[in-house]
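The values are calculated or read from the model by the stated rules, or taken from the named source; none is laboratory data. Nothing here was measured: the structure is a model prediction, and the numbers come from that model. Please note: Cβ atoms are built from the backbone with ideal geometry, for glycine as well, and neighbour counts cover all protein chains shown. For accessibility, only protein heavy atoms count, side chains too; no ligands or nucleic acids. Shrake-Rupley method; radii C 1.70, N 1.55, O 1.52, S 1.80 Å.
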Amino acid sequence: MDTKYKSHSFVKLWIATTMFMLCCFATGMLAQDAVAADTVTTVVETTTEITAAPAETDTETPDTIGELALGLNTVWMLLAAMLVFFMQPGFALVEAGFTRVKNTANILMKNFVDFMFGSLLYWFIGFGLMFGAGEFIGMPHFFDLSFMDNGLPREGFLVFQTVFCATAATIVSGAMAERTKFSMYLVYTIFISVLIYPISGHWTWGGGWLMNGEEGSFMMNLFGTTFHDFAGSTVVHSVGGWIALVGAAILGPRIGKYGKDGKSRAIPGHNLTIAALGVFILWFGWFGFNPGSQLAASTETDANAISHVFLTTNLAACAGGFFALAISWMKYGKPSLSLTLNGILAGLVGITAGCDAVSPAGAALIGAICGVVMIFSVDFIDKILKIDDPVGASSVHGVCGFLGTVLTGLFSTSEGLFYGHGFGFLCAQLFGALVVGVWAAGMGFIIFKALDKIHGLRVPARIEEEGLDIYEHGESAYN
């Protein structure tokens with residue numbers, strides 16, 4: 001029985017298998033026929049759709065290209081903002097390296113505060129004052145960004161402008177280092193972020209009177225052209241530099257800086273290694289500071305402009321550093337590392353106004369001039385004016401920011417005097433740099449004088465001699 005049962009089972013299995021294969025074969029044939037029929041129908045429908053498609057493609061393609069362009073421009077702007085933000089540790093290291101070890105934690109803390117306070121305050125009111133409607137001062141909007149419409153995401157543009165504001169504020173800390181009360185530093189940082197920088201920035205970048213090119217405007221009537229500051233030689237650097245100079249003058253020199261005979265005494269910084277690293281970081285960050293000010297990267301014109309600004313920025317930095325090295329060697333008998341570092345920064349500051357408008361040769365000349373002038377400016381401020389600026393911020397940023405803006409009036413290939421375009425643009429540059437400089441220095445004088453009278457800017461002598469780290473922050477940078 002078992003054998004017969006197995007035999008019948010195998011027969012039934014083979015019969016079932018055969019029937020299953022036949023069913024599958026038949027189903028496959030029917031499916032192919034259905035697919036063929038569907039394909040014919042689909043081809044007919046697709047042909048009909050293709051006939052009507054061009055009209056839709058024509059309307060949709062520009063939107064797609066526009067979205068891609070906006071995305072690329074936004075990524076470029078935010079990448080540049082990241083590079084400019086990276087300049088904050090650069091400033092911190094330069095200032096810390098050029099000052100004494102006992103004040104390092106204080107220097108680092110102030111650079112953090114610059115960005116933290118600056119970001120909050122600029123978002124709260126500064127951005128509206130700078131880009132709001134108005135000829136002299138923008139309309140404040142208090143946290144509201146809806147008023148802004150320049151073709152870029154509002155939040156991204158705010159971040160990009162915030163890092164520039166923080167740069168202007170941090171320049172001041174270096175000139176007033178090693179003897180300023182931390183509480184007073186917090187107060188004047190507020191004024192820079194919400195008043196001084198946004199208002200002069202509105203004149204030049206926010207639609208104000210210095211950049212108004214409409215027929216019958218003040219600048220057009222007086223000079224026939226408008227003020228030009230592409231990335232901030234005046235708007236950012238000279239504003240910070242002039243405030244720093246006034247603050248250092250009101251604050252007074254560090255103890256031991258000048259002898260009884262009135263002669264200046266060198267107070268060496270504690271670590272030129274980290275100062276040099278800071279300059280490398282700043283140099284790197286400047287490739288966001290200047291090329292990023294193009295604010296677009298989606299067209300061939302943008303690509304060429306960014307590349308040109310990249311080149312002029314680097315050439316000016318190299319020329320500034322080289323000529324500072326050469327002049328320091330001739331003047332002091334040794335090639336000075338500290339002056340070479342400041343020469344690089346001087347070249348970078350000087351080219352920032354006209355990096356888009358000058359030729360590569362013009363950029364190298366501007367960098368060289370700024371590198372040389374910086375050395376004599378440091379000597380003049382230190383030995384003649386008797387103003388103690390530990391890091392040379394007023395010379396590098398104030399003097400070279402002003403000088404680079406004016407030199408743009410000479411070397412601009414489209415409007416410069418050396419290219420046969422007359423004195424109009426040169427006078428506009430000189431006028432704009434002077435007006436912004438007077439505004440920054442004047443407001444700085446009022447604020448520092450008021451703070452000095454009300455609460456006192458300077459720490460007591462004992463704290464200055466023993467160091468601000470322990471007394472102001474309760475900790476030191478090195479243990």
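All conditions but one from (1) over 17 Å from the mean Cα position of the chain (by Cα); (2) open to solvent by 70 Å² or more (accessible area, probe 1.4 Å) apply to Val75; the one that does not is (1).
Do you know which residues across the stretch 266-298 are in contact with a Gly (Cβ under 6 Å, 6 or more places away or on another chain) and assigned to a loop (DSSP other than H, G, I, E, B)? Within the stretch 266-298, Gly269, Asn271 meet the criteria.
For the stretch 138-164, the set of residues classified as surrounded by fewer than 18 Cβ atoms within 10 Å (Cβ to Cβ) and of a type in the set (Phe, Trp, Tyr) consists of Phe142, Phe143, Phe147, listed by residue number. Report yes if some residue within the stretch 142-158 is within 19 Å of Gly437 (Cβ to Cβ) and among the polar types (S, T, N, Q); otherwise report no. No, the stretch 142-158 has no match at all.
Filtering the stretch 266-280 to residues that are in contact with a Lys or Arg (Cβ under 6 Å, 6 or more places away or on another chain) and free of Cβ contacts under 8 Å to residues at least 24 places away in the same chain leaves nothing. Just so you know, in the stretch 306-334 the residues that are more than 21 Å from Thr234 (Cα to Cα) and small (Gly, Ala, Ser) include one that is most open to solvent (accessible area, probe 1.4 Å), and it is Ser307.
Residues of the stretch 344-366 that are over 15 Å from His237 (Cα atoms) and either open to solvent by 10 Å² or more (accessible area, probe 1.4 Å) or part of a helix (DSSP H, G or I) (or both): Asp356, Ala357, Ser359, Pro360, Ala361, Gly362, Ala363, Ala364, Leu365, Ile366.
Of the residues making up the stretch 380-403, those that are open to solvent by less than 40 Å² (accessible area, probe 1.4 Å) and touching a strand residue (DSSP E or B) at 6+ places or on another chain (Cβ under 9 Å) are Asp382, Asp388. Selection of the stretch 438-467 for residues being in a helix (DSSP H, G or I), among the aliphatic types (A, V, I, L, M) and more than 23 Å from Trp209 (Cβ to Cβ) yields Ile447, Ala450, Leu451, Ile454, Ala461, Ile463. Any residue at all in the stretch 214-233 that is among the charged types (D, E, K, R) and either crowded, with 24+ Cβ neighbours inside 10 Å or assigned to a helix (DSSP H, G or I) (or both)? Among the residues of the stretch 214-233, at least one is among the charged types (D, E, K, R) and either crowded, with 24+ Cβ neighbours inside 10 Å or assigned to a helix (DSSP H, G or I) (or both), which makes the answer yes.
Scanning the stretch 464-479 for residues being surrounded by fewer than 14 Cβ atoms within 10 Å (Cβ to Cβ) and out of contact with any helix residue (DSSP H, G or I) (no Cβ under 8 Å at 6 or more places or on another chain) gives a total of 3.
When the test is whether a residue is of a type in the set (Ser, Thr, Tyr), more than 30 Å from Glu178 (Cα to Cα) and assigned to a helix (DSSP H, G or I), Thr104 does not pass it. Among the residues that make up the stretch 242-261, is at least one of them without any contact (Cβ under 8 Å) to a residue 60 or more places away in the chain, part of a loop (DSSP other than H, G, I, E, B) and open to solvent by 50 Å² or more (accessible area, probe 1.4 Å)? The answer is yes, given that some residue of the stretch 242-261 is without any contact (Cβ under 8 Å) to a residue 60 or more places away in the chain, part of a loop (DSSP other than H, G, I, E, B) and open to solvent by 50 Å² or more (accessible area, probe 1.4 Å). Just so you know, in the stretch 405-437 the residues that are of a type outside the set (Ser, Thr, Tyr) and not in a helix (DSSP H, G or I) include one that is surrounded by the fewest Cβ atoms within 10 Å (Cβ to Cβ), and it is Gly420. Being surrounded by fewer than 22 Cβ atoms within 10 Å (Cβ to Cβ), touching a residue at least 60 places away in the same chain (Cβ under 8 Å) and within 26 Å of Asp379 (Cα to Cα) is a property that holds for Trp283.
Surrounded by 19 or more Cβ atoms within 10 Å (Cβ to Cβ), of a type outside the set (Phe, Trp, Tyr), modelled with pLDDT of 95 or more and within 25 Å of the chain's Cα centre (by Cα), is that true of Gly371? So that I can check it myself, show each step before the final result.
Numbers: surrounded by 19 or more Cβ atoms within 10 Å (Cβ to Cβ): yes; of a type outside the set (Phe, Trp, Tyr): yes; modelled with pLDDT of 95 or more: yes; within 25 Å of the chain's Cα centre (by Cα): yes.
Here the answer is yes, as Gly371 does meet what is asked.
Quick check, is Ser233 among the polar types (S, T, N, Q) and at pLDDT 95 or above? Against the criterion (among the polar types (S, T, N, Q) and at pLDDT 95 or above), Ser233 qualifies. All conditions but one from (1) surrounded by fewer than 23 Cβ atoms within 10 Å (Cβ to Cβ); (2) among the small types (Gly, Ala, Ser); (3) under 17 Å from the mean Cα position of the chain (by Cα) apply to Ser293; the one that does not is (1).
For the condition farther than 15 Å from Ala244 by Cβ and in contact (Cβ under 8 Å) with a residue 12 or more places away in the chain, what is the one hit in Arg154, Arg100, Arg179?
Values: Arg154 fails: in contact (Cβ under 8 Å) with a residue 12 or more places away in the chain; Arg179 fails: farther than 15 Å from Ala244 by Cβ.
That would be Arg100, the only listed residue that is farther than 15 Å from Ala244 by Cβ and in contact (Cβ under 8 Å) with a residue 12 or more places away in the chain.
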